[in-house]
Amino acid sequence: IMATSNPISENTGVKNNNLKPTNYPALTTLVVVFFFWGFIAAGNSVFIPFCKDYFSLDQFQSQLIDYAFYFAYFFGALLLFFYANSTQKDLVAKWGFKRSIVYGLLLSAIGAVIMIIAVNAKSYPGMLIGFFMVAFGFSLQQTAANPFAISLGDPATGANRINLGGSVNSFGTMIGPLIVAFALFGVVKASDEQIAGLSLDKVSILYAFVCGLFVAAAALFYFSKKVPDGVDESKVEKANKALIALVIMAVLIIVSFGIVMSTYTMDTSSLSDEIIMALEDKRILWLCVSLVVIIVTLVLSYFRANKNQDGWGAMKYPQLVLGMLAIFVYVGVEVAIGSNLGELLKSEAFGGLPTSVSASYISMYWGSLMIGRWAGSINVFNPEKSLKKALLIAVPLLAFGVIILVNS
């Protein structure tokens, strides 16, 4: 597809004006959900240090918010893969991209309701279930959104449309921490001791508002006549060996985390410092086991698929396996920095800042990523060469100004 529809002819260098036109009304509707993903995901960066202080957790326990949130993506994708392998039908394509996004938004709305119930009960495990369900809905939305964005115009410019969605997503990641921090702390710069006595009423209000946004976005998609259904009844290649490998990987990860969590059932108040340090070493060891399991499974699957492609599906393609590893590392680093930034800023070497004032720094971190994405989204509008050069200077400066303005 890329070879036949590239806007620049490989031999002549002449611009091709016969590109499939972009469906901008549908694309505008689609980028709304990109905002939600960024807003909620980056807001976790504030919830993590808050929950650590409010529920008296250690650093690992507070990071379970990210674990619950992002494991939902893997779990959702694995379910879709299982269905496709069993029926040789892509469930998202069968429903259509439009309906899949609507269903995903409604699942996220259910997650927001669970979060409200958990917050009122002051239950950290309940909040983890809420985070999982919100992200479970996101996994369905994102599975549909990227190919949907590509289908809304010429395939050669599909990456530009996805990048436009990413730029809107980044705007959500920038303001998400600020709004969540306001919901948690108001305008008060609360100390860690004061945080433990704060009311969670505003969190319930925040997620009630978020739930309403999810339902409103679902209605917008469902009733919009400009958004095509995106149904595709094409058959899917069976990949039994790839499915087995991923299921084994999931089981080993769950077992590793189960062993880590089992160390928290012990009463450590009477244990010596040496035994506590040994427990910490055990936790680190089993977390490293999870890391090795993921990398080895993907690499080994690729080499096995190269020897005998039968039953491995797309795992035989290096661009898929390397892409999975690249996204695993990139998202892990990107999210882990934001999630641990609040704890870093609490240290004396980095200012000794209380949790309630770290939100602006977290916002500026996500905003710095937004600058590049805004610049990268210029291509979606297909500007003339001279205008493009000017925009590549103006847009990053505009993005930087937005970051400073919002945080000020």
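Since every read-out is calculated from the coordinates, none of them should be taken as a lab result. The structure presented is a predicted model; accordingly, all values stated were derived computationally and were not measured. In this analysis, Cβ positions are derived from the backbone assuming ideal geometry, glycine residues included, and neighbour counts consider all displayed protein chains.
Can you give me the Cα centroid spacing of the stretch 228-254 and the stretch 164-185 in angstrom? The stretch 228-254 and the stretch 164-185 have Cα centres separated by 32 Å.
For the stretch 210-284, a/c is not less than 1.5, where a ≥ b ≥ c are the root eigenvalues of the C-alpha gyration tensor, and a/b does not top b/c. That puts it in the oblate class.
In the chain, the longest principal axis of the Cα atoms and the axis of helix 158-185 are about 20 degrees apart. Under a Gaussian network description of the chain, with springs only between Cα atoms under 10 Å, the residue in 40, 327, 129 that fluctuates furthest is 327. With contacts taken as Cα pairs under 8 Å at a separation of at least 6 residues, the stretch 337-408 carries a relative contact order of 28 percent. With the convex hull of its Cα atoms as the shape, the chain has an orientation-averaged projected area of 23.1 nm².
Sparse packing (at most 16 other Cβ atoms within 10 Å of the Cβ) combined with a DSSP loop state is found for the following chymotrypsin sites (Phe, Trp or Tyr not before Pro) in the stretch 19-94: 55. For the stretch 266-335, applying the loop criterion from DSSP together with a ceiling of 11 other beta carbons within 10 Å to the chymotrypsin sites (Phe, Trp or Tyr not before Pro) yields no site. Taking the longest Cα principal axis of the chain as reference, the axis of helix 24-54 is set at about 10 degrees. Other residues lying with their Cβ under 13 Å from the Cβ of residue 30 contribute a combined charge of +3, Lys and Arg counting +1, Asp and Glu -1. Between 281, 53, 273, the GNM of the chain built on Cα springs shorter than 10 angstrom shows 273 fluctuating the most. What is the distance in Å between the Cα centroid of the stretch 277-295 and that of the stretch 85-130? First find each Cα centre; the distance between them is then 30 Å. A run of the chain free of exposed loop cleavage sites, with trypsin sites (Lys or Arg not before Pro) counted only in DSSP states other than H, G, I, E and B and at most 13 other beta carbons within 10 Å, reaches its longest extent at 227-408. Counting charges near residue 275 (Lys, Arg +1; Asp, Glu -1) among other residues having Cβ under 15 Å from its Cβ returns a value of -3.
The C-alpha atoms of the chain define a longest principal axis, and helix 273-307 lies at about 20 degrees to it.
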